[in-house]
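Asks: One structure, as structure tokens, below. Some questions next.
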Amino acid sequence: MAGITQNISKIPELNRRIIFTFVLLAVFRIGVYIPTPGIDAEALSGFFKAASGTLLDFATMFTGGALERFSVFSLGIMPYISASIILQLLTAVVPQLEKLQKEGESGRNAISQYTRYLTVALSLVQGTMIAIGLESMRGPAGEPIVLFPGWGFRAMTLITLTSGTVFLMWLGEQITERGIGNGISLIIFVGIIARMPAALNNTIQLVRAGEMNFLVVVFMLALMVVVVGCIVFMEMGQRKIPIQYPKRVVGRKVMAGGTQHLPLKVNSAGVIPPIFASSIIVFPATVANFINVPFMKSIAQSLNPGGVLYNLLYVGLIIFFTYFYTAIQFDPKDVAENLKKNGGFVPGIRPGANTADYIDTVLTRLTLWGALYLAIVSVLPSLLITQFHAPFYFGGTALLIVVGVAMDTAQQIESHMLARSYDGLFKKRKTKGRGL
């Protein structure tokens, strides 16, 4: 580790990127503690303590604790993720969007712009519903949470929450472009990590009060270690399809053929499916908790973590998004066409359509195992938490996101170091030009 840190310090550009990332993430954490005007903080804190163990805990985890403080970042980055889901779904259905996506950089920029507009629209809708719902809510002693209800409070809350989400979206894009790692994923990552000390302190207090057995805590920690090991193993797992290249004649030379491999990851979608599935479940359930309507309240209660409906819906969404996102990222027809153009083929499989079908079959089977792995890791810990009454913060989704984002960021740092090593190697070589 010391050697890696020393190598990083020798690369000025990588240093600047890492420092830039840390500074913007620090700005995010500062914003979590800036409250929205017009709220009784003590009454709101009491409300969230009374709602402990519900899906509000899940929503609070993804906002890094901003929701329970009702800060300027209360909506978090979830509206942006929801907008991305909607645009990606529409891209597979609407021909105009599909054409835009295939236009290269300009098309992707246009879709990104549509995603930003949709993020603002979703933030306005969600912010309005939460503002109206807060006016009818009371603290543990019956005190109102909103100090001065009315259209003034609603307008102020709407503008504040929407501006906070737009600012977070901008932070994430800046980190992705000028920092290190995926900015949106890192914001969620930091929000989860920031709540871990509080979760640990809560667990210690439960053990001291006798409400939780010490052996249960040891079992939960051992489970987390096992789950982390399984996540690392599955994220690195891949199926290598052999690709054979024949001998080629170039001028008077005969280029030797060879065998290469086409690597197909078990989990090509990464942490995207659990994040997408969580955002879809959290969005309506969070709104339902802030609206005093019996029908909406029943929906929120049925979607509590550990419930049958919650688990079934969660597993179904994870499997769907795993297949969906894999299909977007990897097209077997394009791969087969490129192999055919370059003279490559899979041994025993005819080039062209047969190769595309073979790759698609292998990828479909791999994706099934990847989807089941994501579903088990995300749901199994929540079931055990429900049975042993452990803190909800040890959920599998949080652990999956933390480990996955950490691995992706480490790979990007390693890629930067490797690229700079090659640059340094070429600079050290002194090539003398021939004299005239």
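Asks: Which numbered condition in (1) in a loop (DSSP other than H, G, I, E, B); (2) closer than 23 Å to I81 by Cα; (3) without any contact (Cβ under 8 Å) to a residue 24 or more places away in the chain is the only one that P149 fails?
Replies: (2)
Asks: Only residues that are at pLDDT below 75 and under 18 Å from A398 (Cα atoms): list them for segment 46-102, please.
Replies: Across segment 46-102, the qualifying residues are S52, G53, T54, L55, L56, D57, F58, A59, T60, M61, F62.
Let's see how each residue does on (1) part of a loop (DSSP other than H, G, I, E, B); (2) modelled with pLDDT of 80 or more:
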| residue | (1), (2) |
| --- | --- |
| P347 | yes, yes |
| Y373 | no, yes |
| V379 | no, yes |
| I413 | no, yes |
| S421 | no, no |
| K432 | yes, no |
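Asks: Report yes if some residue within segment 63-74 is within 25 Å of F320 (Cα to Cα), touching a Gly at 6+ places or on another chain (Cβ under 8 Å) and assigned to a helix (DSSP H, G or I); otherwise report no.
Replies: No - not one qualifying residue is present in segment 63-74.
Asks: Next up: Name the one entry in R138, R154, R178 that is among the basic types (K, R) and crowded, with 16+ Cβ neighbours inside 10 Å.
Replies: Among R138, R154, R178, only R154 is among the basic types (K, R) and crowded, with 16+ Cβ neighbours inside 10 Å.
Asks: So which of L186, L168 is buried (at least 19 other Cβ atoms within 10 Å of the Cβ), within 25 Å of F330 (Cα to Cα), within 20 Å of the chain's Cα centre (by Cα) and at pLDDT 85 or above?
Replies: L186
Asks: Now for a separate question. Inspect all residues belonging to segment 294-309 and state whether any of them is at pLDDT 70 or above and in contact with a helix residue (DSSP H, G or I) (Cβ under 7 Å, 6 or more places away or on another chain).
Replies: Checked segment 294-309: at least one residue is at pLDDT 70 or above and in contact with a helix residue (DSSP H, G or I) (Cβ under 7 Å, 6 or more places away or on another chain).
Asks: Here's another thing I want to ask about it. Only one of these is more than 15 Å from L262 (Cβ to Cβ), assigned to a helix (DSSP H, G or I) and not assigned by TED's automatic domain parsing to the domain that holds S84: L312, L363. Name it.
Replies: Just one listed residue meets the conditions, L312.
Asks: Name the pairs: first residue in segment 208-224 and surrounded by fewer than 13 Cβ atoms within 10 Å (Cβ to Cβ), second residue of a type in the set (S, T, N, Q), Cβ to Cβ under 9 Å, at least 6 apart or on different chains?
Replies: Close Cβ pairs satisfying both conditions: E211/Q205.
Asks: Return the pairs, sorted by first residue and then second, in which the second residue is buried (at least 17 other Cβ atoms within 10 Å of the Cβ) and of a type in the set (V, I, T), the first residue lies in segment 108-124 and is within 20 Å of T160 (Cβ to Cβ) and in contact (Cβ under 8 Å) with a residue 24 or more places away in the chain, the beta carbons are less than 6 Å apart, and the residues are 6+ apart or on different chains.
Replies: S123/T162; S123/T165; L124/T162
The values are calculated or read from the model by the stated rules, or taken from the named source; none is laboratory data. Everything numeric here is computed off the predicted structure, so don't read it as measured data. Cβ sites come from the backbone with ideal geometry, for glycine too, and all protein chains shown count toward neighbours.
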